[in-house]
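The values are calculated or read from the model by the stated rules, or taken from the named source; none is laboratory data. The model shown is predicted, which means the values in this text are computed figures rather than measured ones. So basically every Cβ, Gly included, is an ideal-geometry build from the backbone, and we count neighbours across all protein chains shown. Note: accessible area is taken over every heavy atom of the protein model, side chains too, but ligands, DNA and RNA are not part of it. Shrake-Rupley method; radii C 1.70, N 1.55, O 1.52, S 1.80 Å.
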Amino acid sequence: MENGGSVYEPTTSPAEQPPRKGLGACGCTAAHLSPRRLLLKALQLGLSFLAFVLEEVIEVCTSCGGLYFFEFVSCCAFLLCIPILAIYCTSLYERVGKDQVKQLDFWIVAVTGGLFLLASIVFSSTSDRTSVEVAAIVFGFFASIMFVVDAVMMRCKGPQARKETPQENTDKPLNPAENQPLNNV
């Protein structure tokens, strides 16, 4: 017991974690998204990518303004899906903060869904109706529907989440004994 060494020895040893397998080994997890939201996010990513690729295949257009707007929006939608999924599926979710991620996700999804819907409408009205253009427009409408559905689901779930959190009662003063310093014995 020289110099109090044995008093300060650790009394417990940390439990060993089993090695992670698959995507979990690199810190990836889908625990922050429900299966329904994860499916919506995957559909948003896939459908916006397909709309963008199909739009890129179009070789000739007579009125290209709608095509260029659709190209911009579909590319932005695809590229914005990637970091949102990365945040939800990695440890960035805890670092950034749950409320900030959900608010950022809501605004990105809502604005992207609205712009994608508008771009799909504009492109469908200015297209030459070739099979590739029609396919791009269909995938654009499907992608915009996925974005809008996700935004509506987040909006409907928002007030319920706020109701579930208990409000702190600040009306009562603290117990007087809690405000006193500890007795030094």
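Worth pointing out:
- Gain on full extension, evaluated as 0.36 nm per residue between V138 and R95 minus their Cα-Cα distance, stands at 11.7 nm.
- When the solvent-accessible area of segment 45-138 is split by element, carbon and sulfur atoms take up 72 percent of it, the probe being 1.4 Å.
- Put simply, when 124-137, 88-101 are sorted by average Cβ atoms within 10 angstrom per residue, most first, you get 124-137, 88-101.
- Between A86 and C64, full extension at 0.36 nm per residue minus the direct alpha carbon distance yields a gain of 4.6 nm.
- T130-L118 pseudo-label distance in nm [points 7 Å out on the Cα-to-Cβ vector]: 2.7
- Using the 1.4 Å probe convention, the accessible area of segment 54-113 works out to 56 Å² per residue with neighbouring protein chains retained.
- Mean-position separation - Cα centroids, segment 30-100 and segment 102-131, in angstrom: 11
- Contact order normalised by residue count of segment 90-158, Cα under 8 Å, 6+ apart, percent: 43
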